[in-house]
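The values are calculated or read from the model by the stated rules, or taken from the named source; none is laboratory data. Everything numeric in this text was worked out from a predicted model, so none of it was measured. Every residue, glycine among them, receives a Cβ derived from its backbone with ideal geometry; neighbour counts consider all protein chains shown. Heads up: the accessible areas ignore ligands, DNA and RNA and are worked out on the full protein's heavy atoms, side chains in. Shrake-Rupley method; radii C 1.70, N 1.55, O 1.52, S 1.80 Å.
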Amino acid sequence: MSIGPNKHEARTRAKAERTWSLVKKESRQILRDPSSIAIGIVLPVILILLFGYGLSLDVRNVPLAIVLEDSSSEATELAASFRLSPYFDVTPIASMALAERLMLAKKVDAIVRIREDFSRNVQFDDSQVQVLVHGTDGNRARIIEGYAQAAIGQWLARQVAEGKTMNVGPAV
């Protein structure tokens with residue numbers, strides 16, 4: 001059984017009239033109660049601005065100590081990946097003991113240690129980079145760790161682009 005063209009048009013017209021009646025009723029209600037405008041329009045705009053510009057989980061200019069125990073070109077290129085990152089404020093440190101003291105004094109939030117056998121181990125696909133992050137704020141520590149892994153990943157990508165074969169493992 002099919003609905004004829006007149007019945008279909010009548011139903012469509014009835015739906016449109018009901019919708020228009022609801023729009024008129026709600027418009028009158030909004031004009032009668034101005035606080036609903038604040039709840040419906042102003043509050044969401046404030047929340048969008050607050051979450052969009054005021055609250056940011058980006059961590060920038062993280063004080064980072066790099067302990068560069070290897071002076072090879074691979075090690076200095078890796079250290080440069082951290083220096084070029086907008087997320088880190090890099091301080092080169094001569095020894096691991098000094099870097100640990102700076103971290104305990106909360107002058108640096110992370111330490112990147114490139115060991116003396118780094119360049120030799122790169123040739124054998126067994127190199128390691130040690131990343132230590134101050135963990136008093138767990139969320140900030142995870143973000144910093146992710147940024148450090150990204151800097152190492154960029155270095156790896158440059159190495160692969162130069163035609164070197166690299167065996168990628170986890171950051172320790």
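Amide H to amide H, with H built 1.01 Å from N, VAL62 comes under 5 Å of PHE88, ASP89, counting only residues 5 or more places away or on other chains.
What the chain shows is 69 Å² of accessible area per residue, with the surface traced by a 1.4 Å probe over protein heavy atoms. Here the 3J(HN,Hα) profile of segment 126-131, calculated from phi with Karplus coefficients 6.51, -1.76 and 1.60 at θ = phi - 60°, is 9, 7, 9, 10, 9, 10 Hz, Gly and Pro shown as x. In plain terms, the chain is cut at each of the trypsin sites (Lys or Arg not before Pro) found in a DSSP loop with at most 15 other Cβ atoms within 10 Å, and the longest leftover piece is 1-59.
Taking the protein heavy atoms of the chain in the context of the full set of protein chains, the accessible area attributed to carbon and sulfur is 58 percent at 1.4 Å.
Using only the Cα atoms of segment 102-172, build the gyration tensor, take square roots of its eigenvalues as a ≥ b ≥ c, and label the shape rounded, prolate or oblate: rounded if a/c is under 1.5, else prolate if a/b is larger than b/c, else oblate. The shape class here is prolate. Taking every DSSP bridge with both residues inside segment 17-172, close to 30 percent are antiparallel. Computed on the chain, with alpha-carbon pairs under 8 angstrom and 6+ residues apart, the relative contact order is 19 percent. Cross-link reach is defined here as a Cα-Cα straight distance under 22 Å, omitting same-chain residues fewer than 8 places apart; for LYS7 the lysines meeting it are LYS15. Computed from the C-beta positions of GLN123 and ALA14 and an R0 of 45 Å, the FRET efficiency is 0.05 to the nearest 0.05. Once divided by 2.2 N^0.38 Å, the Cα radius of gyration of segment 19-90 becomes 2.39. Within straight-line reach of LYS106, meaning a Cα separation under 17 Å, there are no lysines at least 8 residues removed in sequence or on another chain.
Of the GluC sites (Glu not before Pro) found in segment 58-95, those that fall in a DSSP loop while having at most 15 other beta-carbon atoms within 10 Å are GLU69. What fraction of the Cα pairs in segment 56-147, stated in percent, has a spacing above 20 angstrom? Here the long-distance tail beyond 20 Å is 35 percent of all Cα pairs in segment 56-147. Projected label points at ARG60 and MET96, each 7 Å from Cα along the beta carbon direction, are separated by 3.4 nanometres. Along segment 49-59 the Karplus relation, 6.51 cos²θ - 1.76 cosθ + 1.60 evaluated at θ = phi - 60°, assigns HN-Hα couplings of 5, 5, 6, x, 10, x, 9, 10, 8, 5, 10 Hz to successive residues, with x for each Gly and Pro.
Taking a point 7 Å from the Cα of ARG142 along the Cα-to-Cβ direction, the residues of segment 44-82 with backbone N closer than 15 Å to it are 57-59. When the P(r) of the chain is calculated, the portion above 21 Å amounts to 64% of the C-alpha pairs.
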